[in-house]
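Participant: The structure under discussion is supplied below as structure tokens; questions concerning it will follow.
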């Protein structure tokens with residue numbers, strides 16, 4: 001029974017890892033061919049990895065992670081739980097993943113710290129918890145825009161948000177929803193931290209997430225990203 005349990009656990013681990021690779025590849029707007037060419041891992045091997053049918057070597061996994069601009073541990077989200085539904089869909093506070101590493105910019109560069117509160121980035125939208133420390137903002141290229149929608153709820157503190165040409169002050173309990181193609185920016189100009197929950201759709205996380213770019217968030221056709 002133990003041997004059978006171990007086999008099932010390994011199969012589940014491979015499937016989960018493969019799903020994480022696929023989700024991030026699509027969020028980066030890369031096709032399998034793009035990832036193969038960038039990582040040097042064959043197209044057929046990548047396909048079986050994403051489907052949970054083969055286990056990559058550490059060298060191959062590192063090459064895939066490098067091509068996606070993350071460290072290999074991104075593919076091994078910690079999701080303990082009693083049952084399969086909890087393990088798949090619940091994120092405990094201590095197991096949230098840091099999104100700044102995915103963006104390639106730390107809190108000083110981006111102006112805030114972001115953690116993922118969604119159980120995955122494989123759906124139609126994803127959610128995060130952002131913390132703006134006192135007097136923090138993105139120092140370079142503050143206004144940015146991208147395809148889709150952006151929503152948020154201020155949990156504590158005060159946030160100054162610019163949407164288009166209008167500057168708005170948001171406080172605890174206030175929320176926002178807007179077309180993310182409108183140039184926008186947020187910062188904390190107070191001496192207290194600001195914390196908010198946000199949701200963005202679609203799930204597009206380019207490597208240059210911290211910079212304004214009209215192409216940012218313009219998703220490739222679904223058929224091209226499979």
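Participant: Identify, by number, the condition in (1) more than 19 Å from residue 113 (Cβ to Cβ); (2) crowded, with 17+ Cβ neighbours inside 10 Å that residue 132 doesn't meet.
Facilitator: That leaves (1) as the condition not met.
Participant: Ok, one more. Listed residues 83, 111; which is over 22 Å from residue 31 (Cβ atoms) and in contact (Cβ under 8 Å) with a residue 60 or more places away in the chain?
Facilitator: 111
Participant: Let me ask something else about it. Could you list, in sequence order, all residues of the stretch 187-226 that are at pLDDT 95 or above, farther than 16 Å from residue 29 by Cβ and part of a strand (DSSP E or B)?
Facilitator: 188, 194, 195, 196, 197, 198, 199
Participant: Condition check: farther than 19 Å from residue 122 by Cβ and surrounded by 14 or more Cβ atoms within 10 Å (Cβ to Cβ). Does residue 59 satisfy that?
Facilitator: For residue 59, the condition - farther than 19 Å from residue 122 by Cβ and surrounded by 14 or more Cβ atoms within 10 Å (Cβ to Cβ) - is not met.
Participant: State all residues of the stretch 116-140 that are at pLDDT 95 or above, touching a strand residue (DSSP E or B) at 6+ places or on another chain (Cβ under 6 Å) and part of a strand (DSSP E or B); if no residue qualifies, say none.
Facilitator: The answer is 116, 127, 128, 129, 130, 131, 132.
Participant: Only one residue in 163, 154, 182 is closer than 19 Å to residue 115 by Cβ, modelled with pLDDT of 95 or more and in the same structural domain as residue 109 (by TED's automatic domain parsing). Which one?
Facilitator: From the options 163, 154, 182, the qualifying one is 154.
Participant: Only one of these conditions is not met by residue 1: (1) modelled with pLDDT under 95; (2) under 18 Å from the mean Cα position of the chain (by Cα). Which number is it?
Facilitator: Status for residue 1: all satisfied but (2).
Participant: Please work out if residue 126 is within 11 Å of the chain's Cα centre (by Cα), surrounded by 15 or more Cβ atoms within 10 Å (Cβ to Cβ) and touching a residue at least 40 places away in the same chain (Cβ under 8 Å).
Facilitator: yes
Participant: Among what's in the stretch 145-198 and is more than 21 Å from the chain's Cα centre (by Cα) and at positive phi, pick the residue that is surrounded by the fewest Cβ atoms within 10 Å (Cβ to Cβ).
Facilitator: The qualifying residue surrounded by the fewest Cβ atoms within 10 Å (Cβ to Cβ) is 173.
The values are calculated or read from the model by the stated rules, or taken from the named source; none is laboratory data. Just so it is clear, the model here is predicted, and its values are computed rather than measured. FYI the Cβ positions are ideal-geometry reconstructions off the backbone, even for glycines, and counts take in every protein chain you see.
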